[in-house]
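The values are calculated or read from the model by the stated rules, or taken from the named source; none is laboratory data. Fair warning: this is a prediction, and the values are worked out from it, not measured in the lab. Cβ coordinates were reconstructed from backbone atoms using ideal geometry, including for glycine residues, and neighbour counts include every protein chain displayed.
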Amino acid sequence: MRYLTYLTGASITFFFDKQLKDEVVKINEKDTNTLYLLAWLNYDMVTIPYTRVKREVGKSRWTLKKKIKLFIDSFISFSYAPLKLISILGITLGLAAFIYSIVIIYLKLSGKEDSSGWSSLMVVILFAASFQMIGLGIIGEYVWRNLEASRKRPVFVVDKVYE
């Protein structure tokens, strides 16, 4: 049985067999999170926890900038949640604009508010922003699907061939 084994602590070290190495090399992605990619291949994993000893010499080159880049690469490479979030925010903003316009109309008809134009301008701006956000979400979805189609990730991984 083939295992992906990694050690956890302050750092992560990977140990894996030749078949898993060949699959990772075959994918050949840039700007991705290797840990997520290995987990995405869905091999069995064993975690070996350890206590990291304090660094005696030198300074870590794992800067905040590199950590932020890894977070962004991980989030973008394996999730289209930001695109869905933009669409959901656009729909929510459109609903809020609609409700706000109903409230303004009610207040105007009941004579409780003397509308000077600011309210109607806000409704127009909110509706326009909601349509823009929904449009960005749709365009982003198309771009994500094209990105997924252009990646070299296999549809499935064959563990063993029986003849």
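Checking each residue in the range 114-127 for being of a type outside the set (S, T, N, Q) and exposed (fewer than 13 other Cβ atoms within 10 Å of the Cβ) picks out ASP114, GLY117, TRP118, LEU121, VAL124, ILE125. Candidates in the range 29-42 are the residues that are in contact with an Asp or Glu (Cβ under 8 Å, 6 or more places away or on another chain) and surrounded by 15 or more Cβ atoms within 10 Å (Cβ to Cβ); of these, the one that is farthest from LYS69 (Cα to Cα) is LEU41. Pairs are defined by a Cβ separation below 7 Å, a sequence spacing of at least 6 or placement on different chains, a first member in the range 106-132 that is outside the structural domain of GLY90 (by TED's automatic domain parsing), and a second member that is surrounded by 10 or more Cβ atoms within 10 Å (Cβ to Cβ); no pair meets this definition. Against the conditions (1) touching a Ser or Thr at 6+ places or on another chain (Cβ under 8 Å); (2) at pLDDT 90 or above, PHE98 satisfies every one except (1). Reported count of residues in the range 29-63, each being part of a helix (DSSP H, G or I) and either of a type in the set (Val, Ile, Thr) or farther than 25 Å from ARG153 by Cα (or both), is 1.
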